[in-house]
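Below: the structure, in structure tokens.
The values are calculated or read from the model by the stated rules, or taken from the named source; none is laboratory data. In this text, all values refer to a predicted model and were calculated from it rather than measured experimentally. No Cβ is skipped: glycine too gets one built from the backbone with ideal geometry, and neighbour counts run over all protein chains shown.
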Amino acid sequence: MTTAVNDSRIMRVVESALLEDIGIGDVTGTATIPNTQMAEGVLLCKDDGVVAGLEIAALVFTVCDPDSRFVPKVRDGDAVRVGQILATVHGAARSLLRGERTALNFLQRMSGIATATRRYVDAVTGTGARITDTRKTAPGLRILDKWAVRLGGGINHRFGLDDMVLIKDNHIAAAGTITTAVDRCRTYLAQHGLALGIEVETTTLDEVREALGCSGITRIMLDNYTPETMREAVRMINHRVEVEASGGITLATVRSFAETGVDVISVGALTHSVTALDISLELAPHAG
């Protein structure tokens, strides 16, 4: 398994999900299946897309039964098609059924995110713009949601509130001006010895001009601009800092924004409006 799946946060997520689903035990599985019954499960893809989360599915089955054997037939990040076998898993039938729903929930969600991300990445090919996520993730699943974005070819924005400064409209409203907010952030970072980037959200060209007058900024966000206004803002910024496009950008419009010359396009829909990839587990009992 990769270093990522060995992250202790992922194990906590998996254990919590299994506890939520199994409770004190699988009543149906225990009642209907002999303890000695072995089985093979086949993970079958029922949609075209990008697979993500095979390592998490394998971890789920391992937690349910350390003696189970998960055999991937493709790799996370691969394009897959309807009818394709993604993996097989061998073990005690009871254990496989205990892990089935949790493994599929993770695998289907992550694959849905990776698939959506790949579509956006493909849509901006050749423009130089990169697709990134936001913090609009399912509570408790951010580490998996953002991993799925990477597997789909995107990049990650900040993970949380502690790994970069992002001055948004409400911060500016509370501080009074962009300049005041930036100055306060620079002072705070210096006082605490923090080497973090500073991004400023803007909604008008006047705000872009003000942001450009502040020192220490590493990225300007252009939020809810039209492509025409965004193109003008990019010319004003002229490569002095990175430029991020944000706000209501869809698969149908993303290329028009990418062609304005921005460096990064953030898309909340990658993770907040996930369409799960249809994947099933088909079980075949056998003697051992």
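Report yes if Glu199 is within 19 Å of Gly153 (Cβ to Cβ), touching a residue at least 40 places away in the same chain (Cβ under 8 Å) and among the charged types (D, E, K, R), otherwise no.
no
Just checking, how many residues over the stretch 40-70 are part of a strand (DSSP E or B) and either in the same structural domain as Lys146 (by TED's automatic domain parsing) or crowded, with 20+ Cβ neighbours inside 10 Å (or both)?
Matching residues across the stretch 40-70 total 6.
Hand me the list of helices (runs of 4 or more DSSP H) wholly inside the stretch 222-276 holding 1 or more residues that are within 20 Å of the chain's Cα centre (by Cα).
Per the criteria, 254-258, 269-272.
Assuming Gln37 fulfils every condition listed in (1) in contact with a Ser or Thr (Cβ under 7 Å, 6 or more places away or on another chain); (2) within 17 Å of Glu282 (Cα to Cα) apart from one, which condition is it?
Result: Gln37 passes all but (1).
Can you tell me which condition Ala138 does not meet? The list is (1) surrounded by fewer than 17 Cβ atoms within 10 Å (Cβ to Cβ); (2) more than 21 Å from Ala269 (Cα to Cα); (3) touching a residue at least 40 places away in the same chain (Cβ under 8 Å), and all the others hold.
All conditions are met except number (2).
Looking at Val80, Val42, which one is under 23 Å from the mean Cα position of the chain (by Cα) and either of a type in the set (Val, Ile, Thr) or farther than 24 Å from Asp145 by Cβ (or both)?
Exactly one of Val80, Val42 is under 23 Å from the mean Cα position of the chain (by Cα) and either of a type in the set (Val, Ile, Thr) or farther than 24 Å from Asp145 by Cβ (or both), namely Val80.
Take the conditions over 30 Å from Arg255 (Cβ atoms) and touching a Lys or Arg at 6+ places or on another chain (Cβ under 6 Å) and apply them to Gly140. Does it pass?
no
Taking only pairs six or more apart or across chains, which ones have beta-carbon atoms under 7 Å, a first residue in the stretch 182-193 that is surrounded by 10 or more Cβ atoms within 10 Å (Cβ to Cβ), and a second residue that is part of a helix (DSSP H, G or I)?
Listed by first residue and then by second, the contacts come to Arg184/Ala175.
In the stretch 1-27, what count of residues is obtained for those that are touching a residue at least 12 places away in the same chain (Cβ under 8 Å) and of a type in the set (Ser, Thr, Tyr)?
Of the residues in that region, 2 qualify.
Considering each residue of the stretch 201-216, count those that are part of a loop (DSSP other than H, G, I, E, B), under 31 Å from the mean Cα position of the chain (by Cα) and either within 15 Å of Asp183 (Cβ to Cβ) or outside the structural domain of Thr180 (by TED's automatic domain parsing) (or both), and give that number.
Qualifying residue count for the region: 1.
Quick grid of which residues meet (1) surrounded by fewer than 24 Cβ atoms within 10 Å (Cβ to Cβ); (2) among the hydroxyl-bearing types (Ser, Thr, Tyr); (3) touching a His at 6+ places or on another chain (Cβ under 7 Å):
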{"residue": "Gly77", "(1), (2), (3)": "yes, no, no"}
{"residue": "Arg81", "(1), (2), (3)": "yes, no, no"}
{"residue": "Ile85", "(1), (2), (3)": "yes, no, no"}
{"residue": "Arg109", "(1), (2), (3)": "yes, no, no"}
{"residue": "Ala114", "(1), (2), (3)": "no, no, no"}
{"residue": "Thr117", "(1), (2), (3)": "no, yes, no"}
{"residue": "Arg130", "(1), (2), (3)": "yes, no, no"}
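From Val200, Val149, Val165, grab the single residue that is surrounded by 16 or more Cβ atoms within 10 Å (Cβ to Cβ), within 30 Å of Val50 (Cα to Cα) and modelled with pLDDT of 95 or more.
Step by step, each of Val200, Val149, Val165 is checked, and only Val149 is surrounded by 16 or more Cβ atoms within 10 Å (Cβ to Cβ), within 30 Å of Val50 (Cα to Cα) and modelled with pLDDT of 95 or more.
Suppose we filter the stretch 109-135 for residues that are under 10 Å from the mean Cα position of the chain (by Cα) and not in a helix (DSSP H, G or I); how many remain?
4
Search the stretch 237-254 for residues being free of Cβ contacts under 8 Å to residues at least 40 places away in the same chain and among the β-branched types (Val, Ile, Thr), and hand back the single one that is surrounded by the most Cβ atoms within 10 Å (Cβ to Cβ).
By that ranking, first place goes to Val243.
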